[in-house]
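J.: The structure under discussion is supplied below as C-alpha coordinates; questions concerning it will follow.
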Amino acid sequence: MPKPLSLPFDPIARADELWQQRWGPVPSMAAITSIMRAHQILLGEVDAVVKPYGLTFARYEALVLLTFSKAGELPMSKIGERLMVHPTSVTNTVDRLVKSGLVARRPNPNDGRGTLASITDKGREVVEAATKALMEIDFGLSAYDAEECGEIFALLRPLRVAASDFEEK
(Lines give C-alpha, C1' and ligand atoms only; values in the text may rest on other atoms or scores of the structure.)
Protein backbone atom coordinates (compact mmCIF):
# COMPACT_ATOMS: atom_id res chain seq x y z
CA MET A 1 0.00 0.00 0.00
CA PRO A 2 1.54 3.35 -1.00
CA LYS A 3 2.11 5.91 1.71
CA PRO A 4 -0.39 8.77 1.66
CA LEU A 5 0.92 12.19 0.79
CA SER A 6 2.06 14.21 3.78
CA LEU A 7 -0.18 17.05 4.82
CA PRO A 8 1.33 20.54 4.98
CA PHE A 9 0.17 20.78 8.62
CA ASP A 10 -0.31 18.55 11.67
CA PRO A 11 -4.01 17.57 11.56
CA ILE A 12 -4.03 16.56 15.23
CA ALA A 13 -2.58 19.93 16.29
CA ARG A 14 -5.16 21.66 14.08
CA ALA A 15 -7.98 19.61 15.64
CA ASP A 16 -6.65 20.54 19.07
CA GLU A 17 -6.75 24.25 18.17
CA LEU A 18 -10.30 23.97 16.86
CA TRP A 19 -11.34 21.91 19.89
CA GLN A 20 -9.98 24.59 22.22
CA GLN A 21 -11.86 27.31 20.35
CA ARG A 22 -15.13 25.40 20.61
CA TRP A 23 -14.96 23.59 23.96
CA GLY A 24 -11.85 24.88 25.71
CA PRO A 25 -8.53 23.17 26.37
CA VAL A 26 -8.70 19.38 26.70
CA PRO A 27 -5.11 18.06 26.35
CA SER A 28 -6.37 14.48 26.63
CA MET A 29 -8.15 14.82 23.25
CA ALA A 30 -4.90 15.58 21.41
CA ALA A 31 -3.10 12.88 23.41
CA ILE A 32 -5.64 10.13 22.65
CA THR A 33 -5.78 11.11 19.00
CA SER A 34 -1.98 10.95 18.80
CA ILE A 35 -1.91 7.57 20.53
CA MET A 36 -4.56 6.15 18.20
CA ARG A 37 -2.71 7.44 15.13
CA ALA A 38 0.57 6.02 16.46
CA HIS A 39 -1.20 2.67 16.91
CA GLN A 40 -2.33 2.74 13.27
CA ILE A 41 1.18 3.60 12.07
CA LEU A 42 2.92 0.96 14.19
CA LEU A 43 0.42 -1.79 13.45
CA GLY A 44 0.75 -1.09 9.74
CA GLU A 45 4.55 -1.25 9.91
CA VAL A 46 4.82 -4.40 11.99
CA ASP A 47 2.05 -6.19 10.09
CA ALA A 48 3.86 -5.41 6.82
CA VAL A 49 7.04 -7.02 8.23
CA VAL A 50 5.35 -10.18 9.55
CA LYS A 51 2.97 -10.65 6.59
CA PRO A 52 5.59 -12.48 4.45
CA TYR A 53 5.78 -15.05 7.27
CA GLY A 54 2.02 -15.62 7.09
CA LEU A 55 1.49 -13.73 10.34
CA THR A 56 -0.28 -10.74 11.78
CA PHE A 57 1.18 -9.05 14.84
CA ALA A 58 -1.45 -10.80 17.00
CA ARG A 59 -0.38 -14.21 15.67
CA TYR A 60 3.27 -13.25 16.12
CA GLU A 61 2.59 -12.35 19.77
CA ALA A 62 0.96 -15.74 20.35
CA LEU A 63 3.95 -17.55 18.85
CA VAL A 64 6.37 -15.53 20.98
CA LEU A 65 4.34 -16.33 24.09
CA LEU A 66 4.54 -20.04 23.27
CA THR A 67 8.32 -19.82 22.77
CA PHE A 68 8.62 -18.21 26.21
CA SER A 69 6.78 -21.09 27.89
CA LYS A 70 8.99 -23.86 29.30
CA ALA A 71 7.36 -26.67 27.33
CA GLY A 72 6.47 -24.62 24.24
CA GLU A 73 2.79 -25.02 24.99
CA LEU A 74 0.12 -23.28 27.03
CA PRO A 75 -3.57 -23.70 27.77
CA MET A 76 -5.74 -21.56 25.51
CA SER A 77 -7.09 -19.73 28.58
CA LYS A 78 -3.55 -18.84 29.68
CA ILE A 79 -2.77 -17.45 26.20
CA GLY A 80 -5.81 -15.17 26.39
CA GLU A 81 -4.90 -14.08 29.91
CA ARG A 82 -1.29 -13.26 29.02
CA LEU A 83 -2.13 -11.50 25.75
CA MET A 84 -5.13 -9.80 27.41
CA VAL A 85 -7.57 -10.77 24.68
CA HIS A 86 -11.03 -12.35 24.60
CA PRO A 87 -11.20 -16.18 24.37
CA THR A 88 -12.80 -15.89 20.92
CA SER A 89 -9.78 -13.93 19.70
CA VAL A 90 -7.44 -16.60 21.07
CA THR A 91 -9.42 -19.32 19.31
CA ASN A 92 -9.30 -17.44 15.99
CA THR A 93 -5.59 -16.71 16.34
CA VAL A 94 -4.70 -20.29 17.24
CA ASP A 95 -6.96 -21.66 14.48
CA ARG A 96 -5.02 -19.68 11.89
CA LEU A 97 -1.68 -20.73 13.36
CA VAL A 98 -2.80 -24.38 13.27
CA LYS A 99 -3.86 -24.02 9.60
CA SER A 100 -0.40 -22.62 8.85
CA GLY A 101 1.31 -25.54 10.60
CA LEU A 102 2.90 -23.22 13.18
CA VAL A 103 0.93 -24.49 16.17
CA ALA A 104 -0.69 -27.81 17.10
CA ARG A 105 -3.54 -28.45 19.52
CA ARG A 106 -4.03 -31.26 21.96
CA PRO A 107 -6.28 -31.95 24.93
CA ASN A 108 -4.94 -30.60 28.21
CA PRO A 109 -4.19 -33.65 30.39
CA ASN A 110 -4.57 -31.47 33.51
CA ASP A 111 -8.00 -30.11 32.49
CA GLY A 112 -10.48 -32.45 30.85
CA ARG A 113 -12.26 -29.58 29.07
CA GLY A 114 -9.19 -27.54 28.17
CA THR A 115 -6.95 -27.44 25.14
CA LEU A 116 -3.21 -26.86 24.89
CA ALA A 117 -1.65 -24.93 22.02
CA SER A 118 1.87 -26.13 21.19
CA ILE A 119 4.37 -24.40 18.94
CA THR A 120 5.70 -26.63 16.14
CA ASP A 121 9.24 -26.73 14.79
CA LYS A 122 8.02 -24.74 11.79
CA GLY A 123 6.47 -22.24 14.22
CA ARG A 124 9.82 -21.86 16.00
CA GLU A 125 11.58 -21.20 12.69
CA VAL A 126 8.99 -18.63 11.62
CA VAL A 127 8.99 -16.77 14.94
CA GLU A 128 12.81 -16.56 14.90
CA ALA A 129 12.84 -15.13 11.36
CA ALA A 130 9.98 -12.72 12.03
CA THR A 131 11.62 -11.55 15.25
CA LYS A 132 14.85 -10.82 13.42
CA ALA A 133 12.94 -8.81 10.80
CA LEU A 134 11.02 -6.85 13.46
CA MET A 135 14.21 -6.10 15.37
CA GLU A 136 15.74 -4.75 12.16
CA ILE A 137 13.01 -2.08 12.05
CA ASP A 138 13.08 -1.54 15.84
CA PHE A 139 9.47 -2.76 15.94
CA GLY A 140 8.49 0.41 14.06
CA LEU A 141 9.96 2.69 16.74
CA SER A 142 13.19 3.70 15.00
CA ALA A 143 12.25 7.38 15.44
CA TYR A 144 13.09 6.88 19.14
CA ASP A 145 16.30 5.87 20.91
CA ALA A 146 16.44 3.30 23.72
CA GLU A 147 15.99 5.91 26.45
CA GLU A 148 12.93 7.39 24.73
CA CYS A 149 11.43 3.90 24.30
CA GLY A 150 11.88 3.43 28.05
CA GLU A 151 10.14 6.75 28.66
CA ILE A 152 7.22 5.72 26.45
CA PHE A 153 6.92 2.45 28.36
CA ALA A 154 7.00 4.30 31.71
CA LEU A 155 4.54 6.95 30.52
CA LEU A 156 1.96 4.35 29.44
CA ARG A 157 2.39 2.09 32.48
CA PRO A 158 -0.03 4.01 34.78
CA LEU A 159 -2.72 3.72 32.10
CA ARG A 160 -2.23 -0.05 32.02
CA VAL A 161 -2.31 -0.24 35.84
CA ALA A 162 -5.52 1.85 35.93
CA ALA A 163 -7.05 -0.59 33.40
CA SER A 164 -6.19 -3.46 35.79
CA ASP A 165 -3.83 -5.09 33.30
CA PHE A 166 -1.73 -6.13 36.29
CA GLU A 167 -1.16 -5.30 39.94
CA GLU A 168 1.64 -2.84 40.48
CA LYS A 169 3.98 -3.94 43.25
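The values are calculated or read from the model by the stated rules, or taken from the named source; none is laboratory data. Just so it is clear, the model here is predicted, and its values are computed rather than measured. As a convention, Cβ positions derive from the backbone with ideal geometry for all residues, glycine included, and neighbour counts pool all protein chains shown. Remember, those area values only see protein heavy atoms, side chains included, never the ligands or the DNA or RNA. Shrake-Rupley method; radii C 1.70, N 1.55, O 1.52, S 1.80 Å.
J.: Considering the options Ala129, Gln21, Gly150, tell which one lies farthest towards the positive end of the dipole of the chain, charges being +1 on Lys and Arg and -1 on Asp and Glu at the Cβ, about the Cα centre.
T.: Ala129
J.: Let me ask another. Which value, in Å to one decimal place, does the Kirkwood hydrodynamic radius take for the chain when every pair of different Cα atoms is included?
T.: 18.6 Å
J.: Then there is this: Note down the accessible area of Phe153, probe 1.4 Å, to the nearest 10 Å².
T.: 110 Å²
J.: If you count only protein heavy atoms with a 1.4 Å probe, what accessible area per residue comes out for the chain, rounded to a whole Å²?
T.: 72 Å²
J.: From the residues Asn108, Gly72, Thr88, which one has its Cα farthest along the dipole of region 55-112 in the positive direction, the dipole being from +1 and -1 charges on Cβ of Lys/Arg and Asp/Glu about the Cα centre?
T.: Gly72
J.: Sorted by average packing, counted as other Cβ atoms within 10 angstrom per residue and highest first, what order do 100-106, 11-17 take?
T.: For the peptides 100-106, 11-17, the packing ranking is 100-106, 11-17.
J.: What's the angle, to the nearest 10 degrees (0 to 90), between helix 57-68's Cα axis and the longest principal axis of the chain?
T.: On a 0 to 90 degree scale, this one is about 50.
J.: Is the shape of region 80-168 rounded, prolate or oblate, going by the alpha carbon gyration tensor and its root eigenvalues a ≥ b ≥ c, with a/c under 1.5 for rounded and a/b larger than b/c for prolate?
T.: Taking the square roots of the gyration eigenvalues as a ≥ b ≥ c, region 80-168 is oblate.
J.: Heavy atoms only, probe 1.4 Å: what % of the accessible area of region 1-102 goes to carbon and sulfur, would you let me know?
T.: 61 percent
J.: Sticking with this structure for a sec: Quick one: which of 62-71, 18-27 comes out on top by average Cβ neighbours within 10 Å, and what's the full order, highest first?
T.: My ranking of the peptides, most packed first, is 62-71, 18-27.
J.: A further question on this structure: With every protein chain left in place, what is the accessible area of His39 in Å² (1.4 Å probe, nearest 10)?
T.: Approximately 110 Å² for this residue.
J.: Using just the C-alpha positions of region 1-49 as equal point scatterers, what log10 of I(q)/I(0) does the Debye formula give at each q in 0.13, 0.28 1/Å?
T.: Results for region 1-49 at q = 0.13, 0.28 Å⁻¹ read -0.40, -1.05.
J.: Can you check what the net charge comes to around Gly150, using other residues whose Cβ is under 14 Å from the Cβ of Gly150 (Lys, Arg +1; Asp, Glu -1)?
T.: -4
J.: In a Gaussian network model over the chain where Cα atoms closer than 10 Å are linked, find which of Ala48, Ala130, Ala38 has the largest mean-square fluctuation.
T.: The residue that fluctuates most here is Ala38.
J.: Would you work out what percent of the accessible area of region 105-169, with all protein chains in place, is carbon or sulfur (probe 1.4 Å)?
T.: It is 53 percent, rounded to a whole number.
J.: Express in whole angstrom the spacing between the alpha-carbon centres of region 124-140 and region 31-68.
T.: 11 Å
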